[in-house]
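Here the structure comes first, spelled out in structure tokens, and everything after it is commentary.
Throughout, read-outs are computed from the coordinates displayed, never taken from laboratory work. None of these values were measured; they are calculated from a predicted model. Reconstructed Cβ throughout: ideal geometry from the backbone, glycine too, with neighbour counts over all protein chains shown.
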Amino acid sequence: MRRITRAEVSASAGRAWERLRGGALTPLRAAASVGVGLAIGVTPLYGAHLLLVLAVCLPLRLDAPLAYLAANISIPVMAPLLTMAEVEIGAFVLTAHALPMDVSLLRARGAGMLVRELVVGTLVFSPAVALVGAATTFVIARGWQRRRLSTGSPETRAAIDRVATRYARSRAAYHYVRSKLACDPVGVRVVDVGAASPLGDVVDVGCGRGQLGVLLLERGVATSVRGLDWDAAKVKLATEAAHGLPAEFSVQDLRSPLGAACDTVLLIDVLHYLTDDEQDALLHEAARTARRMLVVRDLDPDRGWRSAVTRMQELVTTGFRMNRGARVHVRPIARVVEALTDEGFVTDVSPCWGALPLANVLVVARRPEPA
């Protein structure tokens, strides 16, 4: 009997998660998912909500986790209030009168009448709550989408479309790359850095699926890209997507030497997966490799609630093996700046979270121009 490897388990878990998400979260899909979740959550079928969410969302390719989150409107504190509201609505529909508050009158009505009122009230209340929740979600998501699409130049947005098309062989990868480049501002920010000062030959450490390196080439701000990552499945996707471009992706432990010198080294969302000593060693190795520029994006632990949300998000993605980091170990960004300054770089630090509730910052470190 063949032994199932850890990589296969990780890949299967990733595919299952992507199947639960159903695809790119457009405003319409977000609204429909929330509406379904609320419609199920207000029903008195407690204990069956998860099964009902999966039964509806999977065939319709809606976002099941989002729908189940909405279904939790019926938390223990809210459940009695929801049930009472449904009985009240049912009583008014059936009798044109509100439910009597006298215990003896309630007993006189009998359990059968209360059940009928609950059923009728649920049939009215459930779609009404779903409609209001879906409409509200659509308005919020649509506004956020418009804000998101307003970032980046038309050339960059067109390049993002071309990059996503390169991943079309895998439906899951296509939707991930498209939403990642459109939602996460780091792609646009690094392109802007390269537009101001071309990045030249780039080494992307922890490149993942390679979408950032491919974007830099499609946008014309990098001459070549060499991507390194310890996830073989993601490296395979990157290699296929970069066909015909001056790009090379390979599997490598990020704690090993980076190889030949280049113009720019990217460390995007990498450092917090390493220990203190490993982070220092990687920064030193990246500084040794980069002739001109080093770009770091990482979690800033000193951004209040944003930092807490980002830590939780990293713990979830690492726990589900969507990211293959061994840990989430965050250090103050000042330590990164100090290390790069000691290596002779001049640094600039700025927020890099866009419309997302995260605490990521971008550190652009440049070698001083010779006198």
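Modelled label positions at I140 and L51, each set 7 Å beyond Cα in the direction of Cβ, lie 3.0 nm from each other.
The modelled label-to-label distance between T95 and T223, using points 7 Å beyond Cα along the C-beta direction, is 8.4 nm. Between helix 6-21 and the chain there is an angle of about 50 degrees, using the helix long axis and the longest principal axis of the Cα atoms.
So, R0 is 22 Å and r is the distance between the beta-carbons of H284 and R335; what FRET efficiency does that work out to, to 0.05?
Numbers: r = 13 Å, r/R0 = 0.59.
Efficiency, from the Cβ-Cβ distance: 0.95.
Using modelled amide H (1.01 Å from N, peptide plane; none on Pro or chain starts), what sits under 5 Å from the amide H of F249, excluding residues fewer than 5 places away? Under 5 Å from the amide H of F249: G227.
The stretch between N72 and D276, if pulled fully straight at 0.36 nm per residue, gains 69.5 nm over its current Cα-Cα span. Among (1) -0.51; (2) -0.37; (3) -0.62, which is the computed log10 I(q)/I(0) by the Debye sum over Cα atoms at q = 0.08 Å⁻¹? It is the one labelled (1).
If each DSSP helix of 4+ residues adds -39,500 (n - 2.57) and the sum is divided by the residues in the chain, what number results at 222 nm, nearest 500 deg cm²/dmol?
Numbers: 14 runs with 210 residues, N = 371.
Mean residue ellipticity at 222 nm (helix-derived): -18500 deg cm²/dmol.
Close amide H partners of V270, meaning residues 5 or more places away or on another chain with modelled amide H under 5 Å apart, are R297.
Angle of helix 154-166 to the longest C-alpha principal axis of the chain, folded into 0 to 90 degrees and rounded to 10: 80°.
Axis angle, to the nearest 10 degrees, between helix 333-342 and the longest C-alpha principal axis of the chain: 0 degrees.
So if each residue of separation counts as 0.36 nm, and I subtract the Cα-Cα distance between L123 and R162, what length gain in nm does that give?
9.4 nm
Quick one: putting +1 on the C-beta of Lys and Arg, -1 on the C-beta of Asp and Glu, what dipole do you get for the range 6-149 around its Cα centre, in Debye to the nearest 20? Show your work: numbers first, answer last.
On the way: 13 positive and 7 negative charges, 139 e Å.
Dipole size: approximately 660 debye.
Once C-alpha pairs closer than 8 Å and six or more residues apart are averaged by separation and normalised to the residue number of the chain, the relative contact order reads 13 percent. GNM on the chain, alpha-carbon springs under 10 angstrom: the most fluctuating residue among R15, R116, R297 is R116.
Run the numbers for R367 and V346: contour at 0.36 nm per residue of separation, minus the present Cα-Cα distance, in nm. Present the calculation step by step, with values, prior to reporting the outcome.
Details: separation 21, 0.36 × 21 = 7.56 nm, distance 0.62 nm.
Here the segment from R367 to V346 would lengthen by 6.9 nm.
GNM on the chain, alpha-carbon springs under 10 angstrom: the most fluctuating residue among V251, V336, V77 is V77. On the beta carbon distance between M84 and A24, with R0 = 35 Å, the FRET formula returns roughly 0.35.
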